[in-house]
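The values are calculated or read from the model by the stated rules, or taken from the named source; none is laboratory data. As the structure is a prediction and not an experimental result, all values here were calculated from the model. Neighbour counts are summed over all protein chains in view; Cβ atoms, including those assigned to glycine, are modelled from backbone coordinates with ideal geometry. Protein only, heavy atoms only, side chains kept; ligands, DNA and RNA dropped before computing areas. Shrake-Rupley method; radii C 1.70, N 1.55, O 1.52, S 1.80 Å.
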Amino acid sequence: MGTDSRAAGALLARASTLHLQTGNLLNWGRLRKKCPSTHSEELRDCIRKTLNEWSSQISTDLVREFPDVLECTVSHAVEKINPDEREEMKVSAKLFIVGSNSSSSTRNAVDMACSVLGVAQLDSVIIASPPIEDGVNLSLEHLQPYWEELQNLVHSKKIVAIGTSDLDKTQLEQLYQWAQVKPNSNQVNLASCCVMPPDLTAFAKQFDIQLLTHNDPKELLSEASFQEALQESIPDIQAHEWVPLWLLRYSVIVKSRGIIKSKGYILQAKRKGF
């Protein structure tokens, strides 16, 4: 069917779930022509190009099957970690909850990341602050369902260490006092504070919590931007029916040299009403 997007549109019209994975972005070659200026721009570009590459390679067998769950990937970029090299690698991930209030998203994302990378365990997972209504301050109650699931994944040895993002001293302290598995890191966005807040620094030092910096926007992927990327890549589709549930960004680093060996995105989207 070549680059015809009609086959992709027909599949998406019948499916209920979309799993999109970019594979190792360092393997993209010709697909990666320019350096995006922001993480959001990089992500939208990755979604579009992954969809384009996938839709150009749809087989007639797949169209006949009409699977309920679509696995959308850049096949030549998929790269699992060699088991013989696993001990030399640090596998880290950051999880962004986009459109789901279900804590099971956390387990789904970690399971999928392990499967994609061919590993039994992730060394570190940081969870971005879950989406909340405008005008509402993030509280411990918002974090608890996700943190409970992360704790379960630590207990089942799917994750070694878990961390948070953008928590102030009060929020971090509340989580630390409540949690069974304590956060070992907290990311701080330097766009919002050029200098680490002294009270946060003191608390982190007292309880051996690593403070890291990041430059992710508050909303890395919105429902609207995902639907826009979907519509651009596959015009023959009701893009407004699709909602992203979660997004996971991973990196694989060679411990001894600090070199990034692999990085990519995985996301899950659902069709409304399913």
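Find me the longest stretch of the chain that has none of the exposed GluC sites (Glu not before Pro), where exposed means in a DSSP loop (not H, G, I, E or B) with at most 16 other Cβ atoms within 10 Å. Before the final figure, lay out each step's value.
Working: sites that count: E133, E219.
So the longest stretch without any such site is 1-132.
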Local net charge near N186, Cβ-Cβ under 15 Å (Lys/Arg +1, Asp/Glu -1): -2
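Calculate the FRET efficiency for V195 and D123 from the Cβ-Cβ distance with a Förster distance of 35 Å, rounded to the nearest 0.05. Kindly include the intermediate steps, with their values, before the conclusion.
Values: r = 29 Å, r/R0 = 0.83.
Calculated transfer efficiency: 0.75.
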Take V160, V63 and sort them by solvent-accessible surface of the protein heavy atoms, 1.4 Å probe, largest at the top. V160, V63
Reduced to Cα centres, the span from the range 177-217 to the range 51-70 in Å works out to 43 Å
Report the Cα-based extents of the chain along its three principal axes, largest first, to the nearest Å. 61, 46, 37
Give the residue list of trypsin sites (Lys or Arg not before Pro) in the range 140-186 that are DSSP loop and have at most 12 other beta-carbon atoms within 10 angstrom. K157
Taking only protein heavy atoms into account and a 1.4 Å probe, give the accessible area per residue of the range 195-261 in Å². 56 Å²
Global geometry of the range 45-164, whether rounded, prolate or oblate, following the gyration tensor of its Cα atoms and the 1.5 cut on a/c: oblate
Could you order R249, R44, R6 so the one with the most accessible surface comes first? Probe is 1.4 Å. R6, R44, R249
With a 1.4 Å probe and all protein chains kept in place, how do H39, H155 rank by accessible area, largest first? H155, H39
Considering only protein heavy atoms, what is the solvent-accessible area of D134 at a probe of 1.4 Å, reported in Å² to the nearest 10? 150 Å²
Just need log10 I(q)/I(0) for the range 52-109 at q = 0.14, 0.29 Å⁻¹, Debye formula, equal scatterers on the alpha-carbon atoms, no solvent, rounded to two decimals. -0.73, -1.13
Of the accessible area of the range 59-144, with the probe set at 1.4 angstrom, what percent is carbon plus sulfur? 47 percent
D168 and V254 label points (each 7 Å along its Cα→Cβ direction) are spaced in nm at 4.3 nm
How much solvent-accessible surface does M89 expose, in Å² to the nearest 10, with a 1.4 Å probe and all protein chains in place? 10 Å²
Per-residue accessible area for V181 at 1.4 Å probe radius, Å² rounded to 10? 30 Å²
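Dipole magnitude of the range 33-90 about its Cα centre, charges +1 at Lys/Arg Cβ and -1 at Asp/Glu Cβ only, in debye to the nearest 20?
Details: 9 positive and 13 negative charges, 76 e Å.
It works out to roughly 360 debye.
If you roll a 1.4 Å probe over the heavy atoms of the protein chains, what accessible area per residue do you get for the range 95-139, in Å²? Each step should come with its number before you reach the end.
On the way: 1820 Å² over 45 residues.
Value for the range 95-139: 40 Å² per residue.
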Greater than 28 Å separation of Cα atoms is the criterion. Which listed pairs, K169/K263; K158/K261; K80/K218; K157/K272, meet it? K169/K263; K80/K218; K157/K272
Which value, in debye to the nearest 20, gives the size of the charge dipole of the chain about its Cα centre, when Lys and Arg are +1 and Asp and Glu are -1 at the Cβ? 680 debye
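Based on alpha-carbon atoms only, what is the radius of gyration of the range 119-236 relative to the globular estimate 2.2 N^0.38 Å? Mind showing how you got there, number by number?
Working: Rg = 16.3 Å, N = 118, 2.2 N^0.38 = 13.5 Å.
So the range 119-236 has a normalised radius of gyration of 1.21.
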So what's the gap between the Cα centers of the range 234-274 and the range 125-151, to the nearest angstrom? 20 Å
Long-range amide H partners of S185, meaning residues 5 or more apart or on another chain whose placed amide H is closer than 5 Å, are T164, Q210
